[in-house]
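Here's the structure we're looking at; comments come further down.
The values are calculated or read from the model by the stated rules, or taken from the named source; none is laboratory data. Remember, predicted model here, so these are calculated numbers, not experimental data. Cβ: placed from backbone, ideal geometry, glycine included. Neighbour counts: every protein chain shown.
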Amino acid sequence: MKAPKVTKEQVEEWLGTSNPMSEAIEIIQEIANEEYEVVSLQSDILEYVEDCGYSTESPSQKYRGEK
């Protein structure tokens, strides 16, 4: 089964509103330096939004009834 794609809204929820640009830059730097794997980032975001009760489905998946 293919892992669900992370949406822009889910990334925004995961980053929060306090200082998302500096956090985003730090995360991109860690990925570029191979200190943070993309699959780990995806998992971290999806687990966070699920724990917060935020939907892990994209709007198109909801419309089509996909998981």
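A few notes on this one:
- Test: residue in segment 36-44 that is part of a loop (DSSP other than H, G, I, E, B) and at pLDDT 90 or above: yes
- Of the listed requirements (1) modelled with pLDDT under 90; (2) more than 15 Å from the chain's Cα centre (by Cα), Pro20 misses just one: (2).
- Counted residues, segment 8-17 - those being within 11 Å of the chain's Cα centre (by Cα) and over 11 Å from Val49 (Cα atoms): 1
- Considering residues of segment 45-62 that are at pLDDT 90 or above and under 10 Å from the mean Cα position of the chain (by Cα) only, the residue surrounded by the fewest Cβ atoms within 10 Å (Cβ to Cβ): Glu47
- Residues in segment 1-11 that are surrounded by 13 or more Cβ atoms within 10 Å (Cβ to Cβ) and either touching a strand residue (DSSP E or B) at 6+ places or on another chain (Cβ under 8 Å) or more than 13 Å from Glu47 (Cβ to Cβ) (or both): 4 in all.
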